[in-house]
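> First the structure, which I've put down as structure tokens, then a few questions once you've had a look.
The values are calculated or read from the model by the stated rules, or taken from the named source; none is laboratory data. A quick note: this is a predicted structure, and the numbers were derived from the prediction, not measured. Cβ coordinates were reconstructed from backbone atoms using ideal geometry, including for glycine residues, and neighbour counts include every protein chain displayed.
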């Protein structure tokens with residue numbers, strides 16, 4: 001549908017992940033890709049190398065800035081700055097011509113926090129004024145600027161994968177628990193053969209969520225052991241302010257990933273007990 | 001920024017409060033502010049020996065884990081277990097939240113540390 005977005009995994013032939021991206025459909029032949037900023041050049045090169053006849057690809061990253069307004073009050077705050085009715089904008093949809101605080105913007109109901117919210121695209125020249133307008137309009141509602149650390153905590157609690165952590169050229173979507181985003185009923189795509197084979201025999205590794213039982217904060221790349229044997233590594237970890245617990249995600253041998261299983265996280269040379277729990281750690285209903 | 005006049009400071013942003021050969025050690029207001037919300041403190045065991053300049057503890061903020069270096073050498077006689085359950089005290093009361101008490105083997109090392117005035121200047125240049 002025009003104005004709708006889907007979450008996509010762009011894969012290598014072996015099933016490893018080039019990037020995880022959002023694809024918006026503006027028209028039957030007009031698509032807008034939102035990639036991880038750090039992967040822009042890699043993605044652009046990959047797409048160009050694998051392009052098919054009749055498709056034009058351009059990198060417009062430098063012409064667009066994105067601001068994200070996230071949280072349960074996001075609609076109320078953004079509505080102050082626009083005449084467009086935001087109630088009608090549903091989760092994973094975009095409106096392409098919205099005036100926000102006088103600037104022409106695209107507004108999507110998406111985000112990377114596990115909460116309701118919006119991502120606002122505009123000309124970089126308007127971004128600073130828009131930022132100020134959002135903070136001003138949000139003041140009565142308690143809006144605050146949030147940096148990468150805050151966002152990383154939120155996305156981790158919601159178990160949204162982060163490229164370079166839960167996804168990489170060495171980790172497939174099946175291993176990362178994102179199999180539902182791989183559509184085998186669709187026509188051919190890069191990585192199909194490898195991913196289908198992996199799915200049918202079951203992945204050797206699985207992404208599992210865990211909670212520390214002993215005092216310690218798990219961090220990315222810490223080894224994970226079971227019975228003294230290394231079974232994988234932490235992909236993301238930290239303190240969860242929502243749960244008031246130390247939590248993490250780990251890519252481990254599939255046989256060790258069952259809920260309730262005990263694992264050891266090796267933190268600065270010490271083995272500390274953790275237990276596999278159900279994920280996401282925190283779940284919010286989207287609009 | 002709060003820099004009490006009666007303490008000594010390291011260039012790694014630890015403070016030392018001393019009486020005779022006993023020194024209590026913590027991290028400064030500047031350090032806690034730079035780290036952000038502190039969510040975890042790892043301390044050594046009582047009886048362990050530390051050397052000046054050596055990492056003896058770890059503080060973790062939401063974002064990262066950072067080493068804490070001992071400004072003096074000696075033997076650890078006490079650790080502040082309150083920080084295990086309430087690490088946020090390091091943010092709210094950095095100079096009351098001592099990490100460890102060390103029986104100094106060489107109190108002369110205190111002379112290599114910065115005074116409050118010197119530390120203030122050091123932070124401005126950081």
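> Please verify whether residue A:104 is assigned by TED's automatic domain parsing to the domain that holds residue A:129, over 20 Å from the mean Cα position of the chain (by Cα) and assigned to a strand (DSSP E or B), treating the condition exactly as stated. Show your work before the answer.
Values: assigned by TED's automatic domain parsing to the domain that holds residue A:129: yes; over 20 Å from the mean Cα position of the chain (by Cα): yes; assigned to a strand (DSSP E or B): yes.
Yes, satisfied.
> If residue A:198 meets every condition in (1) without any contact (Cβ under 8 Å) to a residue 40 or more places away in the chain; (2) outside the structural domain of residue A:262 (by TED's automatic domain parsing) apart from one, which number is that one?
Condition not satisfied by residue A:198: (1).
Every residue, every condition in (1) within 14 Å of chain B (Cβ to nearest Cβ); (2) in a strand (DSSP E or B); (3) in contact with a strand residue (DSSP E or B) (Cβ under 8 Å, 6 or more places away or on another chain), yes or no:
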| residue | (1), (2), (3) |
| --- | --- |
| A:193 | no, no, no |
| A:208 | no, yes, yes |
| A:220 | yes, no, yes |
| A:231 | no, yes, yes |
| A:265 | yes, yes, yes |
| A:276 | no, yes, yes |
| A:282 | no, no, yes |
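> So residue B:7 passes all but one of these: (1) modelled with pLDDT of 95 or more; (2) closer than 29 Å to residue A:247 by Cβ; (3) touching a helix residue (DSSP H, G or I) at 6+ places or on another chain (Cβ under 8 Å). Which condition number does it fail?
Result: residue B:7 passes all but (2).
> So if I check each of B:45, B:49, B:22, which one is within 14 Å of chain A (Cβ to nearest Cβ) and over 12 Å from the mean Cα position of the chain (by Cα)? Steps first, answer last, please.
Numbers: B:49 fails: within 14 Å of chain A (Cβ to nearest Cβ); B:22 fails: within 14 Å of chain A (Cβ to nearest Cβ).
Matching residue, one of B:45, B:49, B:22: B:45.
> Pick from segment A:141-150 the residues that are surrounded by 11 or more Cβ atoms within 10 Å (Cβ to Cβ) and in a helix (DSSP H, G or I): which of them is modelled with the highest pLDDT? Break it down into steps so the answer makes sense when it comes.
If we filter segment A:141-150 for residues that are surrounded by 11 or more Cβ atoms within 10 Å (Cβ to Cβ), which is where we start, we get A:141, A:143, A:146, A:149-150.
If we keep only those that are in a helix (DSSP H, G or I) too, we end up with A:141, A:149-150.
On the way: A:141: 97, A:149: 89, A:150: 92.
Among them, the one singled out is A:141.
> Please go through (1) surrounded by 14 or more Cβ atoms within 10 Å (Cβ to Cβ); (2) in contact with a strand residue (DSSP E or B) (Cβ under 6 Å, 6 or more places away or on another chain) for residue A:214 and return the number of the only condition it doesn't satisfy.
(1)
> Which condition breaks for residue A:50 when tested against (1) touching a residue at least 40 places away in the same chain (Cβ under 8 Å); (2) under 20 Å from the mean Cα position of the chain (by Cα)?
Status for residue A:50: all satisfied but (2).
> Filter segment A:233-255 down to the residues that are part of a strand (DSSP E or B), surrounded by fewer than 20 Cβ atoms within 10 Å (Cβ to Cβ) and away from chain B (no Cβ under 14 Å) and list them by number.
Residues of segment A:233-255 that are part of a strand (DSSP E or B), as a first pass: A:233-240, A:245-253.
Next cut, surrounded by fewer than 20 Cβ atoms within 10 Å (Cβ to Cβ) only: A:233, A:245, A:253.
Once the filter is applied, which keeps residues that are part of a strand (DSSP E or B), surrounded by fewer than 20 Cβ atoms within 10 Å (Cβ to Cβ) and away from chain B (no Cβ under 14 Å), segment A:233-255 yields A:233, A:253.
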